[in-house]
Amino acid sequence: MERRVVVRGVIYDDGKLFAVKHKYGPDKWATPGGALDNTEGLEYGLKRELMEELGVEPVVGRLLFVQQFYHYGYNNERLEFFFLIENVEDFNYVNLQKSTHGEVEIAECRWVDPTKEKGLLPEFLQDESLRDYVENVRPVLVRSEF
């Protein structure tokens, strides 16, 4: 089975999470990011993905979560790394028209309340402890769902 490595940015400010809905795939909110290219580093890939999708260069902080699961829609294993993004204020000014891939890939982006927004992926981000992970240094949460 093929394994796909994905990087995602956790952009969190005052109880809100910056999330995107993609044009293709499930009609769900998700943290921005995407798959790594071959031999691409985690942080570099995350910076590339957020620049392509949102036109904002992220300041990548510490690793918060790792998720491993079988992705039925693509028939592969996913290994996802979620990094804290430190320059949250820059995401108040996202203009998809100024990004290279945003208008093609992203249907909508906005700040959501992760405890109230239905359909946020992954579901563990809907837990109220997200604030604690962002505001305090805690061990990396590793979730494996098979």
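Details
- Scanning the range 94-104 for residues that are touching a residue at least 12 places away in the same chain (Cβ under 8 Å) and more than 18 Å from A35 (Cβ to Cβ) yields a total of 4.
- Condition met for V59 (surrounded by fewer than 16 Cβ atoms within 10 Å (Cβ to Cβ), closer than 20 Å to D13 by Cβ and aliphatic (A, V, I, L, M)): yes
- Total residues in the range 26-54 satisfying the condition of being more than 14 Å from the chain's Cα centre (by Cα) and surrounded by 13 or more Cβ atoms within 10 Å (Cβ to Cβ): the figure is 2.
- Where a residue in the range 44-71 is free of Cβ contacts under 8 Å to residues at least 24 places away in the same chain and its partner, wherever it lies, is among the β-branched types (V, I, T) and surrounded by 14 or more Cβ atoms within 10 Å (Cβ to Cβ), with Cβ under 8 Å and at least six apart: K47/V60
- If you check E77, E117, E108 for being within 26 Å of Y24 (Cβ to Cβ), assigned to a loop (DSSP other than H, G, I, E, B) and touching a residue at least 40 places away in the same chain (Cβ under 8 Å), only one passes: E117.
- A count restricted to the range 123-137 and to residues that are in contact (Cβ under 8 Å) with a residue 60 or more places away in the chain and part of a loop (DSSP other than H, G, I, E, B) stands at 1.
- Only one entry of G73, G102 meets the criterion of being at pLDDT below 95, among the small types (G, A, S) and surrounded by 14 or more Cβ atoms within 10 Å (Cβ to Cβ), and that entry is G102.
- Strands (runs of 3 or more DSSP E) wholly inside the range 1-69 that include at least 2 residues being closer than 15 Å to L96 by Cβ and at pLDDT 95 or above: 16-22
The values are calculated or read from the model by the stated rules, or taken from the named source; none is laboratory data. On a predicted model such as this, the values are computed, not experimentally measured, just so you know. Note that we place each Cβ from the backbone using ideal geometry, even for glycine, and neighbour counts take in every protein chain shown.
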